[in-house]
1. Scan (1) part of a helix (DSSP H, G or I); (2) out of contact with any Pro (no Cβ under 9 Å at 6 or more places or on another chain); (3) aliphatic (A, V, I, L, M) for the single condition residue 97 breaks and write down its number.
2. Kindly indicate which of 6, 32 is closer than 19 Å to residue 65 by Cα, buried (at least 23 other Cβ atoms within 10 Å of the Cβ) and in contact with a Pro (Cβ under 8 Å, 6 or more places away or on another chain).
3. Considering 245, 251, which residue is within 13 Å of the chain's Cα centre (by Cα) and closer than 19 Å to residue 4 by Cβ?
4. From (1) more than 17 Å from the chain's Cα centre (by Cα); (2) under 22 Å from residue 36 (Cα atoms); (3) at pLDDT below 95, pick out the condition that doesn't hold for residue 228.
5. Could you please find all residues in the stretch 122-133 being over 19 Å from residue 194 (Cβ atoms) and buried (at least 16 other Cβ atoms within 10 Å of the Cβ)?
6. Please list, ordered by first then second residue, the pairs with beta carbon atoms under 6 Å, 6 or more apart or interchain, first in the stretch 37-48 and among the hydroxyl-bearing types (Ser, Thr, Tyr), second not in a strand (DSSP E or B).
7. Please work out which residue is farthest from the chain's Cα centre (by Cα), limiting yourself to the stretch 1-55 and to residues that are over 23 Å from residue 289 (Cβ atoms) and among the aromatic types (Phe, Trp, Tyr).
8. Please go through the stretch 156-172 and give me each residue that is buried (at least 20 other Cβ atoms within 10 Å of the Cβ) and either touching a Lys or Arg at 6+ places or on another chain (Cβ under 8 Å) or part of a helix (DSSP H, G or I) (or both), ordered by number.
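The values are calculated or read from the model by the stated rules, or taken from the named source; none is laboratory data. Computed from a predicted model, the values in this text were never measured in an experiment. All Cβ positions, glycine included, derive from the backbone under ideal geometry; neighbour counts span all protein chains shown.
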Amino acid sequence: MSLITVGSMAFDALETPFGKVDRIIGGAATYVAWAASNFYQPIKLVSIVGGDFPQEEFDQLNARGVEVEAVEVVKDEKSFFWSGRYHMDMNTRDTLVTELNVLGHFEPKVPESYQDCEYLMLGNLAPAVQQSVIAQLKHRPKLIAMDTMNFWMDIALDDLKATIKMVDVLIINDSEARQLSGEFALAKAAKTIMAMGPQYLVIKKGEHGALLFHQDRIFSAPALPLEVVFDPTGAGDTFAGGFIGHIARTGDISFDNMKTAIIVGSALASFCVEKFGLERLKEISHNDITTRIQRFAELANFETALV
């Protein structure tokens, strides 16, 4: 059995109040794979890159049990490129450059060797592309999770709703939840969104933690107060990777285990923001992750003498 992640592999150029980098590896599928591979293998990537994508990155992924057979390499074209500048609060950013390049004609192909998929993480892509991956699987995975963004709500809402109906878990942020539902209160927004199809809804709130919804149950996960948020790029994808990696490792898709998965995802995301790009994720050890998860657990636990 395997975990498939579908999404972009890219180059990013970033500027934050703490520094600037001109060209580093990014992309949703890349972050998901690095995060999830801490907990589960094999992970099978479905993506597309240009001839400029370095072989070294593929080698590092392979060393972590990430298979890249379904990553299409278009040698005479360039990889997806995004450039952004973050404001001082690190919650808002300006997109400076978006070059789709090979991603503009991405038609994912799921090979026969990927048909053992038990868990599927659909990274942020056009909803029609996400649907095409589900359609290519001969057997429905045990769990399908997807990420999306307000851009698709603006230009492809019907396709997006059709895709949402096909998945088990939807992962979005608070502003996206409000836009998708038309509701301001997140609890009310969650009911509207879950009526669209998904059994579980995860609403990320950045530095304010995350919410998990299922039927009439709600779990609120804390955020770890960090002294420095160096670069938030990829934090949401890292969260998704930690989340789905834990679910795949345990094989448990219950609400209670998803609560733990939220904490695991939050812990991985808290590492991601400490340095530019994938740099911090490539450094951390199993012990680092265990210690960080314990810190999150301590934030969420308390005792009271009240009766």
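1. Of the numbered conditions (1) part of a helix (DSSP H, G or I); (2) out of contact with any Pro (no Cβ under 9 Å at 6 or more places or on another chain); (3) aliphatic (A, V, I, L, M), the odd one out for residue 97 is (1).
2. 6
3. The unique qualifying residue is 245.
4. Evaluating residue 228 over (1) more than 17 Å from the chain's Cα centre (by Cα); (2) under 22 Å from residue 36 (Cα atoms); (3) at pLDDT below 95 leaves (2) as the failure.
5. 123, 124, 125, 126, 129, 131, 132, 133
6. Close Cβ pairs satisfying both conditions: 37/64; 37/65; 40/245; 40/248; 40/249; 47/9; 47/29.
7. Out of the qualifying residues, it is 18.
8. Answer for the stretch 156-172, where residues must be buried (at least 20 other Cβ atoms within 10 Å of the Cβ) and either touching a Lys or Arg at 6+ places or on another chain (Cβ under 8 Å) or part of a helix (DSSP H, G or I) (or both): 160, 163, 164, 171, 172.
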